[in-house]
Amino acid sequence: MARAFTENENSTGATPLLRVHLFGGFRVDRDGGPPLAERWPRPSARALVKLLAVTPGHSLHREQAMEICWPDADPQAALGSLRVALHAARRAVEPELAPRAASSYLTGMGALLRLDPRTVWIDVDHAESLAEQALDGGTAAELAAALTAFTGELLPEDRYALWAEARREQLSALCGRVRLALAEDHLADGETESATEVALRAVATAPTEERAHRVLMDAYLRQGLRRQAVRQYHLCREALDAELGVRPGPATEQLHLLALDATTTVLPPASAPVLPAAIRTPPGPPLRGRTDELDGLLSDDGPPVRLIGGEAGVGKTRLTAEAARRAAEDGTTVLWGAGHDAEGHTPYGAFVEALDAWMADRPSAERARIGGEYPELASLLPSLGQIDAGAERSPEEQRDRLFRATAGLLGDLAATAPVLLVLDDLHAADSGTYQLLSHLARRAVATGADWRFAVTYRAEEFAAADPRRTALDGLMRQGLARTVELGRLDRAECLAIAAGAGARTGLDRVWELSLGNPLFALELARTVHEGANPAALSAPEGVRQLVAARQLSSTDARTVHAAALATLGRAREAHEEFGRAAALAAELPYPAGAFAAERAAGADWTTRPGFPG
């Protein structure tokens with residue numbers, strides 16, 4: 001036994017280097033010599049080598065080894081087991097070792113066992129050496145190289161072994177120091193994305209590492225991700241409170257205050273206003289007869305929502321476009337979306353169209369920042385691309401997060417300029433759009449946010465029990481909306497529209513047939529201008545297409561048809577058609593559009609020859 005514990009007598013220069021790997025699981029290989037067996041003959045031999053490899057100085061008294069490896073055995077039995085394990089370990093790492101020869105790797109000096117540092121290389125020692133050198137004034141590149149040396153968990157198969165616990169904690173702390181130093185170096189060099197990536201791993205490994213949280217908050221603020229910085233502060237505070245019972249320090253609190261500063265916005269000022277497609281084109285003919293309504297839309301007084309109603313062709317979209325164009329000229333950020341019947345009520349469709357059209361004109365880097373700040377919007381806005389929105393959530397939670405994200409984005413826009421969001425043809429939008437509109441209107445009033453809404457709709461499109469109608473009524477009851485009801489134009493205004501469209505003759509006929517509807521007057525005037533005989537003038541193709549596109553109810557369709565017959569002098573047919581419309585109206589809610597058509601046409605056709613009294 002004495003000979004087995006003597007110093008290594010072999011020439012180390014000729015001995016292949018033995019490499020012991022502890023990260024990611026125990027394994028041993030050599031730089032030369034006969035290949036080593038993949039399976040060790042005795043588990044106790046593996047345990048002995050692992051124990052020496054994790055022990056500081058890789059030296060251990062034999063009694064310590066016996067106490068750790070065979071704690072329940074009597075001393076003589078434990079000594080016998082140690083001899084067997086030692087012999088098996090030496091043969092495993094050096095299969096060419098002659099009987100009773102001294103090992104080149106696993107040596108002894110009296111009662112001490114050790115791994116010879118001249119012939120044994122251990123990966124954790126190598127990682128530790130690189131880390132300490134890098135932390136002692138090393139560059140970011142040296143820190144990154146040192147970090148790559150920590151290739152996994154220390155002996156995961158012995159995760160709960162007490163003899164490895166101290167070394168595991170020591171290496172974990174050292175790796176964390178390197179990672180944190182690298183994140184801070186990246187931040188100092190202005191490499192915010194790299195700093196974020198490294199610091200996130202540091203926080204995942206050590207949730208109470210306050211410096212890593214500060215790096216993340218600082219990096220988020222430099223990228224304009226204010227909400228992310230606030231969220232990181234709360235994660236830091238929760239971790240410190242749960243684990244240590246303390247609050248974040250002054251430096252962390254200062255970053256939190258910066259993140260809460262309303263002047264720190266996600267969006268930098270745009271170099272030029274981004275106009276929606278609906279108002280990019282030059283304006284058409286002058287707006288006639290809508291001075292008061294236009295002033296009302298441009299006024300900052302009153303509730304945040306303006307509901308612009310009126311029959312088809314009365315000029316709701318034209319008026320709103322003029323208001324949006326003038327607001328944009330005064331520095332307002334204008335977003336424009338619309339409801340579309342043909343798309344089957346796309347979820348939040350009008351908002352999606354408005355936000356995505358604005359987003360599409362932003363630089364890609366800006367879209368990336370917005371997507372990182374508001375990942376909840378990524379599932380709706382194609383311009384943001386595919387961004388991980390987080391863990392699975394209930395539909396209610398997803399909706400609430402989406403509403404908050406939309407409000408946050410509008411708030412960032414409004415921090416630099418007032419915001420006007422136009423929602424055109426909202427009668428064709430889904431119920432979710434109305435819920436989102438209500439949420440944003442309440443937020444605007446509660447927070448004093450500088451955003452407002454111009455909403456065009458046709459009331460006759462809603463059934464009595466339609467929840468969308470209920471939502472609009474709710475906005476009115478809560479004082480969040482004001483209606484702007486557009487009526488028909490008077491004769492002078494109507495004739496001015498006809499003259500502006502190029503009509504020089506037949507103006508009275510245009511007035512008679514249009515009944516003050518500006519769109520009808522414009523279409524009729526264009527027909528006259530193109531050479532039509534005013535005496536033979538009838539409903540132009542544009543008007544027919546409008547009526548067809550609006551998908552009128554049976555009552556509406558019969559009433560409009562009757563009005564058209566009346567204006568053409570076919571009074572008896574008109575009377576019969578009105579009778580059919582009235583019969584339908586007895587069973588259905590009488591649409592406002594039908595009433596308007598009957599009222600507008602009635603004074604004319606009832607006095608014509610042939611009307612049956």
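The values are calculated or read from the model by the stated rules, or taken from the named source; none is laboratory data. Since this is a predicted model, take the numbers as computed values, not measurements. Backbone-built Cβ (ideal geometry, glycine too); neighbour counts: all protein chains shown.
Mind checking which residues of segment 463-489 are touching a residue at least 60 places away in the same chain (Cβ under 8 Å) and of a type in the set (Asp, Glu)? Residue satisfying the conditions is 485 alone. Given the conditions (1) modelled with pLDDT of 80 or more; (2) farther than 27 Å from residue 474 by Cβ; (3) out of contact with any Pro (no Cβ under 7 Å at 6 or more places or on another chain), which single one is not true for residue 284? Unmet condition: (1). Here residue 496 passes the criteria (1) part of a loop (DSSP other than H, G, I, E, B); (2) not assigned by TED's automatic domain parsing to the domain that holds residue 323 except the one numbered (1). Looking across segment 81-139 at every residue that is out of contact with any Lys or Arg (no Cβ under 7 Å at 6 or more places or on another chain) and of a type in the set (Ser, Thr, Tyr), the one that is farthest from residue 52 (Cα to Cα) is identified as 139.
When segment 361-378 is examined, which residues are found to be under 15 Å from the mean Cα position of the chain (by Cα) and without any contact (Cβ under 8 Å) to a residue 60 or more places away in the chain? If the condition is that a residue be under 15 Å from the mean Cα position of the chain (by Cα) and without any contact (Cβ under 8 Å) to a residue 60 or more places away in the chain, then 364, 365, 367, 368, 371, 375, 376, 377, 378 are the ones that fit. For segment 383-406, a residue qualifies if it is modelled with pLDDT of 80 or more and closer than 23 Å to residue 277 by Cα, and exactly one does: 406.
Count, please, the residues in segment 153-190 that happen to be more than 38 Å from the chain's Cα centre (by Cα), within 17 Å of residue 129 (Cα to Cα) and surrounded by fewer than 15 Cβ atoms within 10 Å (Cβ to Cβ). Result for segment 153-190: 0. Residues in segment 499-511 that are outside any loop (DSSP other than H, G, I, E, B), of a type in the set (A, V, I, L, M, F, W, C) and surrounded by fewer than 20 Cβ atoms within 10 Å (Cβ to Cβ): 499 only.
Picking from residues in segment 238-253 that are in a loop (DSSP other than H, G, I, E, B) and free of Cβ contacts under 8 Å to residues at least 24 places away in the same chain, the one that is nearest to residue 214 (Cα to Cα) is 247.
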